[in-house]
Every structure is written in structure tokens, then in C-alpha cells.
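Worksheet for the structure shown next.
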Amino acid sequence: MTAKGDREPTIHELFDLTGKGVLLTGGAGFLGSAMSRALAEAGASVVLTSRDASRARTAAEALPRPGAARHHGIVLDHMDPVALERGFAEALTLAGKIDVLVNNGHEGPPNDWTTVTPEQFSRHLANATGYFLLARLMRNHVVERGAPASIVLLGSMYGQVASYPDAYEGICNASPVAYHALKGGLIHMTRHLAVYWARDRVRVNCLSPGPFPSEKAPAAMVERLCTKLPMKRMGLPHELKGAIVFLASDASSYMTGQNLTIDGGWTAW
């Protein structure tokens, strides 16, 4: 029993997303696909997005369907405000309601600090504009419904600490300065939105992955990055699954305005 005498929810109930509608941008990508699977496995009906319609549909069709969950893949470009509103409206039509938003979509980084142009830098920061606009649509939707919601923004360890120049030197471009500016801004935007929307029962948190390189990452760079980590290895996509379900579910019901870092100890040094 709780302090008020109500029945205490079980751990299974706290993490259960059955009956919840989730919108996850970039859900067909390297990390997005793992998070989409996690949310589906927890019982949610997932609408995942991509800029490629066929890729979105294929990814949605591959998701597990426990119980009555239904999944959809749609086109949504969070860098385009008009397309963003259109995509959100389509997601609502398909799912009926959205209870959880995961802002994961990302337009790739520009050149590093040595060659990045003003236009490239500004374009990269526009990822944050898309995150905010979609989050505001989500907040307005649930307030109109009189329902609670969880919003998760994807940050990065590189929104908290600088990169090591020697990890990239002689192998590939340095970690882009615009990426660091973007991710640091997203972490702080999380705090700002959380305090304004708490009264609306809208929780806003940030999930910041550490080094989770795809197979396209240069092997020599990955080897160097491993030397910087207490755990001496890179992260695997499935190692974000528990974190995203925690943030999306009632397991984190008293958590808002926080940044959860999954980085193998990188930022602990």
C-alpha cells in the first residue's frame, strides 16, 4: 500500500505501455529502430517516422505486436514546419491519440569546425526548432484531451562534454561543433519546457546516449574512443531499450526536466 492507502502499482504495471500511443521520429534509424522495438515490446502502439515512406512502413511492419497494439510508419520531416504539422496530424489520425513523444529524428551533422559554413551551422541548429515545434504540438494535444504525457528529447554525451581531438585526428573529421551546440541546447530546452508544462501533467526529459557508433564509423576511430571509456567498449543499440521505456512509462512518473545519460561511464571521468 502507498502512504495514502492506495494499492501500490507493481513494477510490471509501472513499465507497461499497453494502450499507449507513441510517436517516435527517426524510428527506422540505427538507434531509433531499437527504441521503437522497446516501446512496442512494452505494449505501446507505435507510429514511427522517417523521411522515406517505404523505410518507415517496413520498420513499422517489423515491430512486435503484443495484445492489441497496432503500428504505423509515416513520413515526417522535422526540419520542415509544414511537413511536421502534417505528419503529427497523420499520426493522430492513425493512432487515435498520442501519449508519448520521442524526438529522435536528426539531420546529419555538417562539416567540422574547420570548414563548416554559417548556413550549415544554422541548418544543423534547426533540428532543435523541429524538436520544440513537435513537442508543443504534443503538449497542446494532450492538454486538449485532459491527459498526461511524456516527452523525450534525444541529447548526447556531447551536449555535456567536449570531444577528445586525438580520437579523430588523422582518421576523420572532428566531432562537429554544431552538433555539440545542438545537443547542449536540447538538454537545456528539456529543463525549460519541463517547468512550464509540469502544471499540464506533461513530463519532459532528455535521453543522452554516449558512443553508439554504427557500422559505418571508422574502425580506427572506434578503437580510440574505447580507450576513453571506463567500460572500454562502445554501446549497443539494445542498451537504450530499458532507458527509453523507463522515460516513456509511469516508472518515471515523478521525473521531469532531467537528462538521463547512457554512456558507459564517459562523462564520469
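The values are calculated or read from the model by the stated rules, or taken from the named source; none is laboratory data. Source: prediction; values computed, not measured. We place every Cβ from the backbone using ideal geometry, glycine too, and count neighbours over all the protein chains shown. Protein only, heavy atoms only, side chains kept; ligands, DNA and RNA dropped before computing areas. Shrake-Rupley method; radii C 1.70, N 1.55, O 1.52, S 1.80 Å.
Tabulated results
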item	result
Cβ pairs under 9 Å, 6+ apart, first in region 52-73 and closer than 18 Å to Arg86 by Cβ, second among the charged types (D, E, K, R)	His72/Arg57; His72/Glu90; Gly73/Arg55; Gly73/Arg57; Gly73/Glu61
Flag if Gly264 is surrounded by 16 or more Cβ atoms within 10 Å (Cβ to Cβ), more than 25 Å from Val46 (Cβ to Cβ) and within 15 Å of the chain's Cα centre (by Cα)	no
Subset tally (residues that are more than 26 Å from Leu240 (Cβ to Cβ) and surrounded by 17 or more Cβ atoms within 10 Å (Cβ to Cβ)) for region 78-89	0
Asn140 being at pLDDT 95 or above and under 15 Å from the mean Cα position of the chain (by Cα)	no
Single residue of region 147-204 satisfying the filter (of a type in the set (Ser, Thr, Tyr) and outside any helix (DSSP H, G or I)) that is modelled with the lowest pLDDT	Ser175
Selection count where residues are more than 20 Å from Val142 (Cα to Cα), in contact (Cβ under 8 Å) with a residue 40 or more places away in the chain and open to solvent by less than 60 Å² (accessible area, probe 1.4 Å), scope region 15-37	9
Selected residue (criterion: farthest from Leu31 (Cα to Cα)) from residues of region 243-257 that are in a helix (DSSP H, G or I) and open to solvent by 50 Å² or more (accessible area, probe 1.4 Å)	Asp250
Boolean, Pro230 is under 14 Å from the mean Cα position of the chain (by Cα) and either open to solvent by 50 Å² or more (accessible area, probe 1.4 Å) or closer than 18 Å to Val22 by Cβ (or both)	no
Looking only at region 233-242, and only at residues there that are open to solvent by 50 Å² or more (accessible area, probe 1.4 Å) and not in a helix (DSSP H, G or I), the one that is nearest to Leu154 (Cα to Cα)	Leu236
Qualifying residue in region 178-192 (condition: in contact with a helix residue (DSSP H, G or I) (Cβ under 6 Å, 6 or more places away or on another chain) and either among the charged types (D, E, K, R) or on the phi > 0 side of the Ramachandran plot (or both))	yes
Among the candidates Val75, Val161, residue that is touching a helix residue (DSSP H, G or I) at 6+ places or on another chain (Cβ under 6 Å), open to solvent by 40 Å² or more (accessible area, probe 1.4 Å) and over 25 Å from Arg51 (Cβ atoms)	Val161
Residue list for region 194-215, restricted to those being surrounded by fewer than 22 Cβ atoms within 10 Å (Cβ to Cβ), touching a residue at least 40 places away in the same chain (Cβ under 8 Å) and more than 18 Å from Gly29 (Cα to Cα)	Ala194, Val195, Ala198, Asp200, Arg201
Region 98-131 - residue that is open to solvent by 60 Å² or more (accessible area, probe 1.4 Å) and within 19 Å of the chain's Cα centre (by Cα) and, of those, nearest to Asp52 (Cα to Cα)	His106
Single residue of region 42-51 satisfying the filter (under 17 Å from the mean Cα position of the chain (by Cα) and without any contact (Cβ under 8 Å) to a residue 60 or more places away in the chain) that is farthest from Thr18 (Cα to Cα)	Arg51
Close pairs from region 254-269: first in contact (Cβ under 8 Å) with a residue 60 or more places away in the chain and within 19 Å of Arg224 (Cβ to Cβ), partner among the basic types (Lys, Arg) and not in a strand (DSSP E or B), Cβ under 7 Å, at least 6 apart	Trp266/Lys228
Count of region 164-193 residues which are surrounded by fewer than 18 Cβ atoms within 10 Å (Cβ to Cβ) and more than 28 Å from Val100 (Cα to Cα)	9
